[in-house]
Amino acid sequence: MASSDPTVAAVFDAVAATAPEIRAALPGRRVESGMENASGESVLAGDLYADELLGDAFTAIDGVGSFVSEEREEAVDAGGPVGGGPDDAYAVAIDPLDGSSNLRSNNAMGTVVGVYDAPLPARGRDLVAAGYVLYGPITTMVVADEAGVREEVVERAPDGDGVERSVVEGDLTLPATPTVYGFGGRVPDWPADFRAYARAVEDDLKLRYGGAMVGDVNQVLTYGGVFAYPALRSAPEGKLRLQFEANPIAYVIERAGGASSDGTGSILDVEPEAVHQRTPLYVGNEALIDRLEAAVGD
Ligand code: AFP
């Protein structure tokens, strides 16, 4: 069940088509590239490979005018004016390999994608679709758009030519009863108000934190609960990037019936200032996000 918008469908076709290639390349690309990305983080060969594959794929899509990536300093022109007009192209934002530090420990990783109908950096409200690939025991892709949220299994076709995609959940919604939580950063680095919230939440929920946002968010989307990479005492803006991590994940969770916050309101309303700007990210069941905003809100 592809998106009704042909460009959105083409973007997720490209993401699905590259998923087996990225996954197959991971074992050989656990090494440091010796480079740092625009966020000052060390880059693995796997990050660069995924970024190159996806960048080439998006550039080939007529309806994509530009894209930004965690691994690239500036937006890449993909051939067309971007804006909200009927003939304008979309802008795509990607985290090509989210959780790449999990490569050494052989844990879950993912690819995050957001499709905006505005030039980047853009507000999350300008998203027309968002989703992620999860490289877990199996490769799945979650896609959220105006029709809702669905989960697909993505496998290489038996003849090796292309991929087979099967929708395993056509109407993915956040379970009403929360059961898991996952909070990033180090406890001593949590501000006192968040630490108090965390202590209260952990009495009711089970800890599920694997160090890759995509895997941890997928736990919340599967079992209900809350994921946070909070504002830290050492980094009040948190760690995660708005354009290609927080906005797409917030869009998915809100489309699935949950809520998102930067501590004061929906992530999708955060004012965009720069492609690599960071934001605290809290997503999950609405009541847990309301409690979070009551605890840390200004
Ligand atoms: P890497 O891509 O460098 O592994 O970072 C992953 C991430 O951006 C996000 O996926 C995780 O939620 C978060 O960082 C984990 O950060 P910590 O390593 O500080 O827990």
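Below are the figures for this structure:
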{"quantity": "All positions within region 179-222 that are in contact (Cβ under 8 Å) with a residue 12 or more places away in the chain and among the small types (Gly, Ala, Ser)", "calculated": "Gly182, Gly184, Gly185, Ala196, Ala198, Ala200, Gly210, Gly211, Ala212, Gly215"}
{"quantity": "Where a residue in region 163-175 is under 13 Å from Ala256 (Cβ atoms) and its partner, wherever it lies, is open to solvent by 80 Å² or more (accessible area, probe 1.4 Å), with Cβ under 7 Å and at least six apart", "calculated": "Gly170/Met1; Pro175/Tyr223"}
{"quantity": "Enumeration of residues in region 52-69 that are open to solvent by 10 Å² or more (accessible area, probe 1.4 Å) and either within 15 Å of the ligand (Cβ to nearest atom) or in contact with an Asp or Glu (Cβ under 7 Å, 6 or more places away or on another chain) (or both)", "calculated": "Leu53, Ser66"}
{"quantity": "Odd one out for Gly263 among (1) outside any helix (DSSP H, G or I); (2) crowded, with 23+ Cβ neighbours inside 10 Å; (3) more than 14 Å from the ligand (Cβ to nearest atom); (4) within 17 Å of the chain's Cα centre (by Cα)", "calculated": "(4)"}
{"quantity": "Only one of Asp77, Asp47, Asp56, Asp88 that is more than 25 Å from Leu240 (Cα to Cα) and either in contact (Cβ under 8 Å) with a residue 40 or more places away in the chain or more than 16 Å from the chain's Cα centre (by Cα) (or both)", "calculated": "Asp88"}
{"quantity": "Which numbered condition Ala287 fails, given (1) open to solvent by 20 Å² or more (accessible area, probe 1.4 Å); (2) touching a Lys or Arg at 6+ places or on another chain (Cβ under 9 Å); (3) of a type in the set (A, V, I, L, M)", "calculated": "(2)"}
{"quantity": "Verdict on Leu205 being surrounded by 18 or more Cβ atoms within 10 Å (Cβ to Cβ) and under 15 Å from Thr140 (Cα atoms)", "calculated": "no"}
{"quantity": "Qualifying positions in region 91-113 - of a type in the set (A, V, I, L, M, F, W, C), within 11 Å of the ligand (Cβ to nearest atom) and either open to solvent by less than 20 Å² (accessible area, probe 1.4 Å) or assigned to a strand (DSSP E or B) (or both)", "calculated": "Leu97, Leu103, Met109, Val112"}
{"quantity": "Filtered residue count, region 208-232, keeping only those that are more than 22 Å from Val143 (Cβ to Cβ), buried (at least 19 other Cβ atoms within 10 Å of the Cβ) and within 12 Å of the ligand (Cβ to nearest atom)", "calculated": "4"}
{"quantity": "Exclusive hit being surrounded by 22 or more Cβ atoms within 10 Å (Cβ to Cβ), within 12 Å of the ligand (Cβ to nearest atom) and either assigned to a helix (DSSP H, G or I) or not basic (Lys, Arg) (or both), set Ala235, Ala246", "calculated": "Ala246"}
{"quantity": "Any hit, region 114-134, residues being within 16 Å of the ligand (Cβ to nearest atom), open to solvent by 10 Å² or more (accessible area, probe 1.4 Å) and either of a type in the set (S, T, N, Q) or under 17 Å from Val214 (Cβ atoms) (or both)", "calculated": "yes"}
{"quantity": "Sole exception among (1) closer than 23 Å to Leu268 by Cα; (2) hydrophobic (A, V, I, L, M, F, W, C); (3) in contact with a Pro (Cβ under 9 Å, 6 or more places away or on another chain) for Leu97, by number", "calculated": "(3)"}
{"quantity": "Candidates Ala147, Ala157, Ala196 - the one that is exposed (fewer than 13 other Cβ atoms within 10 Å of the Cβ) and away from the ligand (no atom under 16 Å from the Cβ)", "calculated": "Ala157"}
{"quantity": "Filtered residues of region 163-212 (kept if assigned to a helix (DSSP H, G or I) and of a type outside the set (A, V, I, L, M))", "calculated": "Pro188, Asp189, Asp193, Phe194, Arg195, Tyr197, Arg199, Glu202"}
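The values are calculated or read from the model by the stated rules, or taken from the named source; none is laboratory data. Bear in mind the structure is a predicted one, so any value in this text is a computation, not a measurement. Heads up, the Cβs are rebuilt from the backbone with ideal geometry, glycines too, and the neighbour counts pull from every protein chain shown. Accessible surface areas use protein heavy atoms only, side chains included; no ligands, DNA or RNA. Shrake-Rupley method; radii C 1.70, N 1.55, O 1.52, S 1.80 Å.
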